[in-house]
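Chemist: Below is a structure I'd like to ask you about.
The values are calculated or read from the model by the stated rules, or taken from the named source; none is laboratory data. Remember, predicted model here, so these are calculated numbers, not experimental data. Cβ coordinates were reconstructed from backbone atoms using ideal geometry, including for glycine residues, and neighbour counts include every protein chain displayed. The accessibility values were calculated without ligands, DNA or RNA, using every heavy atom of the protein model including side chains. Shrake-Rupley method; radii C 1.70, N 1.55, O 1.52, S 1.80 Å.
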Amino acid sequence: MNESSRETISSPVASPALARSIPFEFHAKGGEYFRIWIVNLLLTIVTLGIYSAWAKVRRLRYFYGNTRLDGAAFDYHGRPIAIFKGRLVAVGAYGAFYGLTHFFPFAAIGFLPLFLFGVPWIIMESRRFQMRMTSYRGIRFGFDGHYRGALKAYIGWPIVAAFTLYLLGGRMVWEQVRYLLANSRYGSEPARFTTGRGPFHVMFLVSTALFLSIVVVAFGTIGWFVTVAEPGEDPEKIAATLTTPTALGLYVAVILAYTATLAYYQKSFLNASFGGLELGPHRVESRLETGPLFVLYLTNFILIVLTLGLYAPWAKVRQMKYQMESLRVVAAGDLDAFAAGLGDGTDAIGEEIGDFFDIDFGL
């Protein structure tokens with residue numbers, strides 16, 4: 001199936017005049033997820049990491065099962081053994097790389113082409129696995145992206161962006177998002193990605209300018225604290241200067257500015273990405289806002305620090321709840337009728353072969 005243009009398969013849906021806005025619902029609870037999280041953590045430690053594959057499946061099944069759209073929940077069908085195989089391959093590859101380069105340091109150069117050409121394949125296969133393991137109303141999602149598209153999006157465009165000093169960084173991000181979303185499908189119905197490049201260019205350039213401004217101001221101010229000290233002054237006195245109320249105020253300001261920049265980037269990225277997703281006559285809207293996202297990130301960070309990390313499960317649930325409930329589907333008709341007209345879009349023999357060789361690389 002061609003990546004750039006695929007025919008939309010007709011489905012028995014109602015007229016666009018009957019369009020309605022259907023919000024996503026997220027019913028996970030921090031306390032429930034904490035019990036899953038702590039058991040997963042302890043068993044992963046006790047088994048020296050082996051249980052992490054089973055932990056991932058428990059976590060995803062909990063989150064998918066608590067995400068609902070129009071009264072129906074999503075399902076995750078991944079199997080721990082597929083994830084475990086992927087992690088064995090990753091550990092084995094790293095072990096081979098470390099062992100070879102330890103004895104033959106120049107061998108690392110030979111791994112560079114393997115890395116450059118291997119990463120797009122890993123991204124492609126990970127996406128394919130992730131989509132095939134997800135279903136809604138009993139119908140699996142799918143991914144039809146090809147290696148050439150992944151190579152272009154994840155190697156070609158980053159190189160081009162670097163040569164332009166990242167003035168084309170927004171185009172790079174747009175190409176990567178388009179590759180992931182435009183090659184997705186639900187059953188036999190291909191998705192479309194309609195967001196233009198403009199929002200990604202603005203998002204990338206504004207975020208980069210804000211981040212660089214933070215870095216310049218922070219390091220410039222710290223440098224000023226150091227230079228105002230007398231020549232040959234005791235390093236301990238210089239260190240004391242960097243812990244004065246004024247310096248601590250600077251650190252707080254940097255954290256606030258960075259969090260605000262991150263909130264702006266995430267809001268812009270997710271709204272532009274999911275807000276351009278269409279499936280048949282239906283489309284997705286994303287309504288994240290910078291202010292609430294900033295407060296969410298900041299309070300989560302503070303509470304995680306104060307609880308020495310124990311608040312992390314509640315933080316995850318809070319973030320996912322806000323992001324999911326900011327999404328909605330503008331449906332042109334009944335989603336049940338749409339799903340019923342699709343089938344699962346898979347070939348039985350091909351699916352069995354795919355399941356046999358499934359490897360999840362964790363992306």
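Chemist: For Val284, all conditions in the list (1) at pLDDT below 95; (2) β-branched (Val, Ile, Thr); (3) touching a Leu at 6+ places or on another chain (Cβ under 9 Å) hold save one; what is the number of the exception?
Modeler: All conditions are met except number (1).
Chemist: How many residues, within the stretch 186-213, are assigned to a loop (DSSP other than H, G, I, E, B) and either open to solvent by 30 Å² or more (accessible area, probe 1.4 Å) or more than 21 Å from Leu335 (Cβ to Cβ) (or both)?
Modeler: 5
Chemist: Can you find even one residue in the stretch 241-251 that is open to solvent by 60 Å² or more (accessible area, probe 1.4 Å), modelled with pLDDT of 95 or more and not in a helix (DSSP H, G or I)?
Modeler: no
Chemist: What pairs can you find where one residue is in the stretch 320-339 and farther than 30 Å from Leu293 by Cα and in a helix (DSSP H, G or I), the other is aliphatic (A, V, I, L, M) and open to solvent by less than 20 Å² (accessible area, probe 1.4 Å), and their Cβ atoms are less than 7 Å apart, with a gap of 6+ or different chains?
Modeler: These pairs meet every condition: Ala339/Ile139.
Condition check ((1) out of contact with any Gly (no Cβ under 7 Å at 6 or more places or on another chain); (2) among the aromatic types (Phe, Trp, Tyr); (3) open to solvent by 50 Å² or more (accessible area, probe 1.4 Å)) across all residues:
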{"position": "Ser268", "(1), (2), (3)": "yes, no, no"}
{"position": "Tyr297", "(1), (2), (3)": "yes, yes, no"}
{"position": "Ala315", "(1), (2), (3)": "yes, no, no"}
{"position": "Glu325", "(1), (2), (3)": "yes, no, yes"}
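Chemist: I would also like to ask the following. Please count how many residues of the stretch 90-105 are more than 28 Å from Lys152 (Cα to Cα) and either open to solvent by 60 Å² or more (accessible area, probe 1.4 Å) or modelled with pLDDT under 75 (or both).
Modeler: Total satisfying the criteria: 6.
Chemist: Residues that are outside any helix (DSSP H, G or I), open to solvent by 40 Å² or more (accessible area, probe 1.4 Å) and hydrophobic (A, V, I, L, M, F, W, C): does the stretch 171-185 have at least one? Give the steps one after another, and end with the answer.
Modeler: Initial filter on the stretch 171-185 (outside any helix (DSSP H, G or I)): 183-185.
Now restrict to residues that are open to solvent by 40 Å² or more (accessible area, probe 1.4 Å): 185.
Going one step further and asking which of them are hydrophobic (A, V, I, L, M, F, W, C), we end up with none.
No: zero hits.
Chemist: Now, a different point. I'm trying to understand the selection: among the residues of the stretch 57-72, which are touching a residue at least 60 places away in the same chain (Cβ under 8 Å) and out of contact with any Lys or Arg (no Cβ under 6 Å at 6 or more places or on another chain)? Break it down stepwise before answering.
Modeler: Looking only at the stretch 57-72, we keep the residues that are touching a residue at least 60 places away in the same chain (Cβ under 8 Å), and these are 63-64, 67, 69-70, 72.
Those that are touching a residue at least 60 places away in the same chain (Cβ under 8 Å) and out of contact with any Lys or Arg (no Cβ under 6 Å at 6 or more places or on another chain): Phe63, Tyr64, Thr67, Leu69, Asp70.
Yes/no matrix, rows are residues, columns are (1) without any contact (Cβ under 8 Å) to a residue 12 or more places away in the chain; (2) assigned to a strand (DSSP E or B); (3) more than 27 Å from Tyr322 (Cβ to Cβ); (4) under 23 Å from the mean Cα position of the chain (by Cα):
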residue	(1), (2), (3), (4)
Phe34	no, no, no, yes
Ile45	yes, no, yes, no
Ala55	no, no, no, yes
Gly78	no, no, no, yes
Phe84	no, no, yes, yes
Tyr98	yes, no, yes, no
Ala108	yes, no, yes, no
Leu116	no, no, yes, yes
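Chemist: For the stretch 100-118, what are the residues that are of a type in the set (Val, Ile, Thr) and closer than 26 Å to Ala150 by Cα? Give the derivation first.
Modeler: We begin by selecting, within the stretch 100-118, every residue of a type in the set (Val, Ile, Thr); these are 101, 109.
If the condition is that a residue be of a type in the set (Val, Ile, Thr) and closer than 26 Å to Ala150 by Cα, then Ile109 is the only one that fits.
Chemist: Test Leu298 against the criterion of being under 24 Å from Pro23 (Cβ atoms) and at pLDDT 95 or above, and give yes or no.
Modeler: The answer is no for Leu298.
Chemist: Which of the residues belonging to the stretch 129-163 are part of a helix (DSSP H, G or I), surrounded by fewer than 19 Cβ atoms within 10 Å (Cβ to Cβ) and of a type outside the set (A, V, I, L, M, F, W, C)?
Modeler: Tyr147, Arg148, Lys152, Gly156, Pro158
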